[in-house]
1. Is the stretch 227-368 best put as rounded, prolate or oblate by its Cα gyration tensor, with a ≥ b ≥ c the root eigenvalues, rounded for a/c under 1.5, and otherwise prolate when a/b is larger than b/c, oblate when not?
2. Report for the chain the percent antiparallel among DSSP-assigned beta bridges with both residues inside it, nearest 5.
3. Starting from the eigenvalues of the Cα gyration tensor, five times each then square-rooted, give me the equivalent ellipsoid semi-axes of the stretch 38-167, largest first, whole Å.
4. For the stretch 73-221, with all protein chains present and a 1.4 Å probe, just round the carbon and sulfur fraction of the accessible area to a whole percent.
5. Name the residue from VAL25, ILE274, SER192 whose Cα lies farthest towards the positive end of the charge dipole of the chain, charges +1 on Cβ of Lys and Arg and -1 on Cβ of Asp and Glu.
6. At most 12 other Cβ atoms within 10 Å and a DSSP loop assignment: could you name the GluC sites (Glu not before Pro) in the stretch 1-81 that fit?
7. Which links in LYS31/LYS59; LYS186/LYS319; LYS151/LYS173 stretch past 19 Å when you go from one Cα to the other?
8. Grab the DSSP H runs of the chain that are 4 residues or longer, score each as -39,500 (n - 2.57), total them, divide by all residues and round the 222 nm result to the nearest 500 deg cm²/dmol.
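The values are calculated or read from the model by the stated rules, or taken from the named source; none is laboratory data. Keep in mind the model is a prediction, meaning the values are calculated, not measured. Reconstructed Cβ throughout: ideal geometry from the backbone, glycine too, with neighbour counts over all protein chains shown. The protein model used for the area step is the full one, side chains on, heavy atoms only, and it has no ligands, DNA or RNA in it. Shrake-Rupley method; radii C 1.70, N 1.55, O 1.52, S 1.80 Å.
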Amino acid sequence: MLKAMEPRWREISWEQAINAASMNVARILEKALAGEDLDFQDGLALSAVDGVDLIGVVKVADELRRCAVGDRITYVVNRNLNFTNVCFVGCAFCGFSRGPNSPEAYFHSTESLVAKSIEAVERGATEICIQGGLPRDLDGSYYADLLRAIKSRLPKLHLHAYSPMEITYGVEKTRMSLPAYLRMLKDAGLDSIPGTAAEILDDDVRKSLSPNKLKVRQWVDVIRAAHELGIPSTSTMMYGHTENPEHWVRHMLLLRDIQKDTGGFTEFVPLGFIHSRTRLFHTGRARPGSSLREDLIVHALGRILLNRYIPNIQVSWVKLGFEASLACLEAGANDFSGTLMEESISKAAGANFGEYVSPGEFRAMIRSIGRTPAERTTTYAIRRTFEQPHSDERLPLERMPVPASADHPPLTCLGY
Ligand code: SF4
């Protein structure tokens, strides 16, 4: 089993790694390096690797990353707005939602969300990510009204908002057609959408995770319709629960097919399952999240299968923690995701940890693995490359700040 950041495997070249790999794995990796699309069987073989074959997969993914996007590791300065945690959907993997009568239920006012957005921009944010639960009594015009309220005060701020599940709910509430509803959101200020609510794009797995959630067909329809209207989205996959490697490969190949048609995905974001405080785990139906081996395989496989079509593979530091994130950034990933300043205030008030990494902390971590940090926009335009260290750069004090915490719900900017 690889140990993250262990010098022995960091210093091996991809050529040496291929030479040491088994014949079948080496053959598939050479096919990937030659720019050929891998098929399902190839992906399945790579998803089962360990030992020297795992090193081969990681090293080739890293080389493909280097050729595709270079040595910069990007991040975005953003803020996460989860406007409500009230939700009726009841996903068994969710530790975030509450019933409407729960003492922990909240619904932030539009004024406070606008104020948080203004504060975020003053602190350097270029993106606001908006997602929330689905309350039964949500007003049909809420999603568009919130976009308008923020955009009217901050016209240049990028609004990255509403999962395909929320968009499907908005369509149901307004009884508009999907394209008309998306056009309305776009006119109200929607710039891009999170490709969350994807979990695993397999209806049998989805049924066991959340029977009330949208079906694969609906997720694909929302994404395709958004892309057709010029609204880009991320793409995600939740792993480490009830699924198996076959599902990873099918999921990624489906994303690849969509991207070949639309070109609308900005990145692929694997999201490790956070098991604590979830019904799925506590009823014995899921494993307790992913292992480091799985984290490395999923990120490397994302790079190898999607490389020519989705050039950006993102790590979710909120799900992985910093150490595994850095290991995955040496296994094909090239983006560190966002600063998520939502919890910066509680952190400043003395909490031990929060859902926030400062840009200086991102840059210090990126330099610690010998790469160059760069701040990007949501759609991956480079705002600034930091060739030289700045005085605000320091490594975070907490090595694994959030994922294992039972006190912090796992729904972040990226949700699942
Ligand atoms: S994952 Fe989203 S839709 Fe599912 S219960 Fe949680 S908040 Fe609701």
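1. oblate
2. In the chain, approximately 15 percent of DSSP beta bridges are antiparallel ones.
3. Values for the stretch 38-167, descending: 38, 23, 13 Å.
4. 51
5. Farthest along the dipole direction, towards plus: SER192.
6. Filter output for the stretch 1-81: GLU11, GLU36.
7. In this structure, LYS186/LYS319; LYS151/LYS173 exceed 19 Å between Cα atoms.
8. -12500 deg cm²/dmol
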